[in-house]
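The values are calculated or read from the model by the stated rules, or taken from the named source; none is laboratory data. Computed from a predicted model, the values in this text were never measured in an experiment. Virtual Cβ from ideal backbone geometry, glycine too; neighbours counted across all protein chains shown. Just so you know, the surface numbers come from the protein's heavy atoms only, side chains and all, with ligands and any DNA or RNA stripped out. Shrake-Rupley method; radii C 1.70, N 1.55, O 1.52, S 1.80 Å.
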Amino acid sequence: MHQPTTTPRPSIYYDYRVHAPWLPSRHGPQPRHPVLIAGAGPAGMVTALELARHGVPSVLVTAELQVSQGSRAIVFTRRSMEILQQVGVDRRMSENGLPWRFGNSIYQGRTVFRMEAPHDADDRFFPMLNIQQQYLEEYLLDACAAQPLIDLRWGNKLVRIEPRADHVRATLDTPEGEYTLEADWLVAADGGRSGIREQLGLKLEGASYEGRFVIADIRIDLPLPTERLAFFDPVWNPGNTILMHREPHGIWRVDYQLPPGEEPDEALRPESLKARIDAQLAMIGHAGTPWEMDWCSVYSARALTLPDYRHGRVLFTGDAAHLLPIFGVRGANTGFQDAQALGWQLAFVVKGLAGQALLANYSAERVGAAREIIDEAGKSTRFMAPPSRGFRLLRDAVLSLSLTQDFVRPLYHWRTSRPHEYTRSMLNSPGDDNALFTAGPGHGAPPRNVRLGADDFLLDHLGGGFELLYFTEAAAVPQPLQDVVAAVRARGVALRVTAIGARAPVQGAEQTLADADGHLRQRYGVRASGAAYLLRPDQHVCARWLTLDATRLQAALDQALPR
């Protein structure tokens with residue numbers, strides 16, 4: 001009998017709410033559900049919200065009664081914010097988070113490299129935003145509670161699964177005992193220690209690094225800007241690395257690397273934490289500044305992934321699918337991209353709008369993304385925490401040379417998380433004009449945002465299904481194109497047409513964006529009327545044309561919706 005804790009978790013800045021458990025005795029017999037999602041962390045909740053956005057109900061279960069313990073993920077990227085905009089929580093994130101775009105690498109008291117993330121007037125969101133994971137989960141929970149297609153069950157621990165040919169039978173434990181639930185599909189979003197992964201006997205592939213880091217969240221008043229601070233080979237922690245980030249509510253994150261062989265229990269002793277945090281504060285010129293501990297933990301850098309995210313009727317996402325180093329803010333941010341990709345593709349399969357090949361595509365795309373991240377994150381991790389004597393010699397040479405030589409300083413760059421481009425996706429149209437464009441987002445890339453006016457951006461007007469961006473100054477979309485759009489909609493596929501460039505509403509388009517100065521067309525590499533982009537429901541480009549006709553549009557839609 002699962003008995004989750006009913007005591008609010010302690011925090012000096014966040015008021016944890018304890019939710020009532022979902023009890024089977026208070027509900028009738030359980031029907032088979034389309035989707036069961038195990039894990040109500042960020043990846044699980046975004047998956048549920050994406051499914052709901054496409055009209056698919058889900059049951060979302062968690063063993064807990066509260067949101068996550070401690071701040072955990074604190075840095076969210078621009079693309080993550082664009083994904084969160086689709087599920088309706090971006091404004092609360094922006095209102096309460098701390099935006100930033102600069103990172104500093106410091107060696108022997110000198111800033112030897114200053115990272116500047118790109119940001120211009122076309123970006124609604126900053127490159128990075130700092131806010132604790134508890135707040136993100138709170139905002140997502142409120143969005144889930146407002147969505148009638150999401151059945152969130154607190155205090156329900158998934159303990160066993162029985163995969164069948166056409167469904168999964170799950171056993172869930174609650175404070176009053178077990179019950180069974182059947183679902184056509186099971187989404188495993190149950191985190192880095194995934195019980196579902198273990199039950200299926202699946203192994204992660206990749207590398208685990210031995211270097212351990214302490215994460216400590218402290219409340220302290222420091223007169224420093226919201227910028228990433230990375231200290232290499234500091235006097236009080238020789239040969240190791242320290243990171244610092246400002247968080248909302250007067251909290252600072254301090255990450256410091258442990259000497260080889262030190263065990264987590266020893267590192268988390270109060271006297272050890274105090275000595276090291278005091279030493280770090282003294283090193284940056286704030287010795288004696290009072291501080292208070294909120295939360296601390298120990299982590300190791302890992303770069304691991306499942307080789308396949310689909311196993312029969314079970315689909316993996318987030319940390320259940322992969323474990324990625326935090327350097328470059330890759331954990332939760334990668335999970336959002338997983339959830340967005342899985343949400344629309346699973347929804348289309350559930351609704352019968354595409355065949356199960358779409359789920360093989362989900363796995364191929366996101367495993368490819370994880371492997372790309374592992375390659376880049378491995379480089380960052382080997383620099384931040386050298387795994388061998390050879391790597392340490394190389395890192396130390398870079399540190400020494402960076403004091404006098406500009407050419408080595410870019411090696412400090414932490415290769416920040418970026419959205420994966422599905423350039424080899426099976427959904428990309430092979431017969432379009434992708435190779436002929438000289439600018440704009442190509443096959444598999446996410447869209448480029450464009451400022452249209454005060455508090456008005458292109459991505460504010462997109463979302464919900466497939467999007468056809470049709471560039472024209474004519475009064476109407478050509479009738480053959482309208483006929484293809486109507487036929488696709490008759491199948492139940494959401495496809496919206498946005499006309500760009502005309503001064504008056506265009507017949508056959510749901511909305512018209514004027515683009516009087518041609519800036520939007522320039523950003524998309526379009527020079528003449530009749531060009532177009534087709535975006536998938538996750539907004540990634542699957543086709544683009546310098547000149548679009550009905551035959552080519554139909555071919556692209558057939559490619560993006562495999563039967």
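Only one of the numbered conditions (1) among the β-branched types (Val, Ile, Thr); (2) free of Cβ contacts under 8 Å to residues at least 60 places away in the same chain; (3) within 30 Å of Arg246 (Cβ to Cβ) is not met by Ile12, and that is (2).
Filter the range 412-439 for residues that are under 26 Å from Phe76 (Cβ atoms) and either at pLDDT 75 or above or aliphatic (A, V, I, L, M) (or both) and give the result. Spell out the reasoning first.
Of the residues in the range 412-439, the ones under 26 Å from Phe76 (Cβ atoms) are 412-423, 425.
Those that are under 26 Å from Phe76 (Cβ atoms) and either at pLDDT 75 or above or aliphatic (A, V, I, L, M) (or both): Pro419, His420, Glu421, Tyr422, Thr423, Ser425.
The strands (runs of 3 or more DSSP E) found wholly in the range 100-147 and carrying at least 1 residues that are closer than 23 Å to Ser68 by Cβ and touching an Asp or Glu at 6+ places or on another chain (Cβ under 9 Å) occupy 128-130. Would you confirm whether any residue within the range 323-339 is modelled with pLDDT of 95 or more and either charged (D, E, K, R) or open to solvent by 30 Å² or more (accessible area, probe 1.4 Å) (or both)? The answer is yes, given that some residue of the range 323-339 is modelled with pLDDT of 95 or more and either charged (D, E, K, R) or open to solvent by 30 Å² or more (accessible area, probe 1.4 Å) (or both). Beta carbons closer than 6 Å, at least 6 apart along the sequence or on distinct chains, pair a first residue in the range 349-374 that is in a loop (DSSP other than H, G, I, E, B) with a second that is crowded, with 18+ Cβ neighbours inside 10 Å for Leu353/Val493; Ala354/Phe348; Ala354/Leu561; Gln356/Val349. The range 466-563 holds strands (runs of 3 or more DSSP E) entirely within its bounds, and those carrying 2 or more residues that are over 26 Å from Val46 (Cβ atoms) map to 466-471, 495-500, 511-513, 541-545.
The set of residues from the range 134-158 being touching a strand residue (DSSP E or B) at 6+ places or on another chain (Cβ under 9 Å) and free of Cβ contacts under 8 Å to residues at least 60 places away in the same chain comprises just one member, Ala145. Within the range 40-65, the residues that satisfy the criterion of being more than 18 Å from Leu149 (Cβ to Cβ), open to solvent by 10 Å² or more (accessible area, probe 1.4 Å) and in a loop (DSSP other than H, G, I, E, B) are Gly41, Ala63, Glu64. When the range 66-97 is filtered for residues that are small (Gly, Ala, Ser), surrounded by fewer than 21 Cβ atoms within 10 Å (Cβ to Cβ) and not in a loop (DSSP other than H, G, I, E, B), only Ser94 remains.
When you scan the range 132-164, how many residues do you find that are open to solvent by 70 Å² or more (accessible area, probe 1.4 Å) and either touching a Ser or Thr at 6+ places or on another chain (Cβ under 7 Å) or β-branched (Val, Ile, Thr) (or both)? Steps first, please.
So the first thing to find is which residues in the range 132-164 are open to solvent by 70 Å² or more (accessible area, probe 1.4 Å), and the list is 142, 145-146, 148, 157, 160, 162-164.
If we keep only those that are either touching a Ser or Thr at 6+ places or on another chain (Cβ under 7 Å) or β-branched (Val, Ile, Thr) (or both) as well, we get 160.
Of the residues in that region, 1 qualify.
Just give me the residues in the range 356-378 being open to solvent by 40 Å² or more (accessible area, probe 1.4 Å) and more than 19 Å from Gly331 (Cβ to Cβ), in sequence order.
Step one: list which residues in the range 356-378 are open to solvent by 40 Å² or more (accessible area, probe 1.4 Å), which gives 356-357, 360, 364, 371-372, 375.
Gln356, Ala357, Ala360, Ala364 - these are the residues of the range 356-378 that are open to solvent by 40 Å² or more (accessible area, probe 1.4 Å) and more than 19 Å from Gly331 (Cβ to Cβ).
Test of understanding: among Ala121, Ala40, which residue is in contact with a Ser or Thr (Cβ under 6 Å, 6 or more places away or on another chain) and farther than 30 Å from Asp233 by Cα? Break it down stepwise before answering.
On the way: Ala121 fails: in contact with a Ser or Thr (Cβ under 6 Å, 6 or more places away or on another chain).
None of the other options fit; the residue is Ala40.
Out of the residues in the range 189-206 that are open to solvent by less than 40 Å² (accessible area, probe 1.4 Å) and not β-branched (Val, Ile, Thr), which is nearest to Arg392 (Cα to Cα)? Result: Gly192.
Note on the range 434-445: residues that are open to solvent by 20 Å² or more (accessible area, probe 1.4 Å) and either touching a Pro at 6+ places or on another chain (Cβ under 7 Å) or not in a loop (DSSP other than H, G, I, E, B) (or both) total 3.
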